[in-house]
Amino acid sequence: MTDNIHFYEPANGHGLAHDPFNALVAPRPIGWISSRDGNGVLNLAPYSFFNAFNYHPPIVGFSSIGYKDSVRNAQETGEFCWNLVTRALSEAMNETCAHVGPEVDEFTLGGLTPKSSRVISAPHVAESPVALECRTSQVLQLAGADGQKVDTWMVFGEVVGVHIARHLIHDGIYDTAAAEPVLRGGGPADYFTVGPDQKFQMHRPKP
């Protein structure tokens, strides 16, 4: 072990001012999940553990620490939407982080507009330039290496409808940087965005 490496075993604590795990696996796309319960009450919540996991069919997933409203709604109704958080929507997204009861509509908290989806009944955020309509495919309770269940739930959904603002499509290619997506970093309040300065191209080796 060299002195210039900080090593720790998570079970024994990290010994730092803030848990570095979220900062190491970062930045991460934000899972801004919209859903509705069986009674039609809307819910909108951001999740820092989110990503895409498959091409055909396209599958995305988010992880919730605790069995929260988004998980419950996705499991009970079999659907949810992912909404892209852009720099312009970052403050509104932050408002939807509030810990409120299931009867509270976070669309209202964030000053956002629920827009009817095309394939599923859960609405998406009208102000977001990209939205993925999803049908729930799996809901899994995570477990540690010892097999013990933890209070964290992974929700996977097959994407059955895609909304993209036309101004983000140039010559048939989606312009990631132009959307200014907001990504979750480490630390208690760190976020990042993507711009053209961060772009570089690298083609895969030919067989």
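The values are calculated or read from the model by the stated rules, or taken from the named source; none is laboratory data. What you see is a predicted model; the values in this text were computed from it and never measured. Quick reminder, even Gly has a Cβ in these numbers, built from the backbone with ideal geometry, and neighbours come from all protein chains shown.
For region 78-97, what are the residues that are more than 22 Å from residue 174 (Cβ to Cβ) and touching a helix residue (DSSP H, G or I) at 6+ places or on another chain (Cβ under 6 Å)? Within region 78-97, 95, 96 qualify.
In region 188-198, the residue that is nearest to residue 46 (Cα to Cα) out of those that are surrounded by fewer than 17 Cβ atoms within 10 Å (Cβ to Cβ) and touching a helix residue (DSSP H, G or I) at 6+ places or on another chain (Cβ under 6 Å) is 193. Filtered by the rule that a residue be in a strand (DSSP E or B) and either within 27 Å of residue 21 (Cα to Cα) or at pLDDT below 95 (or both), region 148-172 gives 149, 150, 151, 152, 153, 154, 155, 156, 157. Take the conditions of a type outside the set (Phe, Trp, Tyr), part of a loop (DSSP other than H, G, I, E, B), in contact (Cβ under 8 Å) with a residue 60 or more places away in the chain and surrounded by 10 or more Cβ atoms within 10 Å (Cβ to Cβ) and apply them to residue 18. Does it pass? The answer is yes for residue 18.
The set of residues in region 151-167 that are under 20 Å from the mean Cα position of the chain (by Cα) and over 21 Å from residue 53 (Cβ atoms) comprises 151, 165. Condition first: crowded, with 16+ Cβ neighbours inside 10 Å, among the aliphatic types (A, V, I, L, M) and either at pLDDT below 95 or farther than 19 Å from residue 163 by Cβ (or both). Now tell me which residues in region 65-88 satisfy that. Selection gives 71 alone.
Being of a type in the set (Gly, Ala, Ser), in contact (Cβ under 8 Å) with a residue 60 or more places away in the chain, over 26 Å from residue 189 (Cβ atoms) and outside any strand (DSSP E or B) narrows it down to one of 88, 74, 145, so name that one.
74
In the set (1) assigned to a loop (DSSP other than H, G, I, E, B); (2) over 18 Å from the mean Cα position of the chain (by Cα), the condition left unmet by residue 188 is number (2).
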